[in-house]
Amino acid sequence: GAVVAEMNLWQNRPLDRIYPVVLIDAIVIKVRDAQVANRPVYVAIGVNLDGERDVLGLWLGPSGGEGAKQWATMLTELRNRGVADVLVVCCDGLKGLPESIRGTWPEATVQTCVVHMVRNSLRYASKKHWAQITRQMRGIYEAPTVEAAQANFDDFAAEWRPLYPAMIGSWERAWDEFVPFLEFPPELRKVVY
């Protein structure tokens, strides 16, 4: 009764007009319905103009993993609740997601989550190479300029492509959504990271 009513109020509360940064992600959890199934919980976290984090919404998705179409619906809901503009939307590299974001907030910069990129890269690599790969990736995402990052990436790619072509390919596909990060001042990079 009261808890559900309160939850509905929270889920539909009006939001700020502008968020400098919104982070979106899906976490898979076990949900008991008629049976226990893995279902994605979609989370949107806003960082407001004072630098404070706020959970803007939580949505339980259908079983079968996350989908960009699902995100489009939720992003529209956030816009309808008052979020007129977002400067940076940080997300994982889900296919179709950048288009959903640009469809909702055309001016937003879509930023692939750096932590996701790093984690994802290590999935392709043998554990014995993790320390070296992690160190070299840091040289890419901590580079002072796009040019320096590109040079560091070129070295990284030349070294690892023969062994891990899929890892290098994942960086190349994400590059356009990764480089905006390098234009941010260190304070904003920290928030996004």
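The values are calculated or read from the model by the stated rules, or taken from the named source; none is laboratory data. What you see is a predicted model, and the numbers here were worked out from it, not measured in a lab. Neighbour counts are summed over all protein chains in view; Cβ atoms, including those assigned to glycine, are modelled from backbone coordinates with ideal geometry. Heavy atoms of the whole protein, side chains included, go into the accessibility calculation; ligands, DNA and RNA do not. Shrake-Rupley method; radii C 1.70, N 1.55, O 1.52, S 1.80 Å.
Normalised size of region 82-193, defined as Cα radius of gyration per 2.2 N^0.38 Å with N residues, equals 1.10. Within the accessible surface of the chain, defined with a 1.4 Å probe on protein heavy atoms only, the carbon and sulfur portion equals 55 percent. Past the 15 angstrom mark, what percentage of all C-alpha to C-alpha distances in region 130-187 do you count? Summing the P(r) of region 130-187 above 15 Å gives 47 percent of all pairs. Computed from Cα atoms, the angle from the helix 130-141 axis to the main principal axis of the chain rounds to 80 degrees. Shown is the FRET efficiency for Trp130 and Asn48, computed with R0 = 30 Å from the Cβ-Cβ distance and rounded to the nearest 0.05: 0.25. For region 80-125, the Kirkwood radius over C-alpha pairs fed into Stokes-Einstein at 4 °C and 1.567 mPa s yields D = 111 µm² per second.
Restricted to Cα atoms, region 40-81 shows a radius of gyration and a Dmax of 11.5, 37 angstrom.
With kT/(6 pi eta Rh) evaluated at 4 °C and eta = 1.567 mPa s, and Rh the Kirkwood radius from Cα pairs, the chain diffuses with a coefficient of 71 µm²/s according to Stokes-Einstein. The residues of region 1-69 have, on average, 65 Å² of accessible surface per residue, using a 1.4 Å probe with all protein chains present. The calculated 222 nm mean residue ellipticity attributable to helices in the chain amounts to -14500 deg cm²/dmol, summing -39500 (n - 2.57) over DSSP H runs of n ≥ 4 and dividing by all residues. Compute the angle between helix 68-80 and the longest alpha-carbon principal axis of the chain, please, reported from 0 to 90 degrees and rounded to the nearest 10. Approximately 60 degrees, to the nearest ten.
What does DSSP give for the chain in terms of the percent of beta bridges that are antiparallel, rounded to the nearest 5?
Looking only at bridges with both residues in the chain, the antiparallel portion is about 70 percent.
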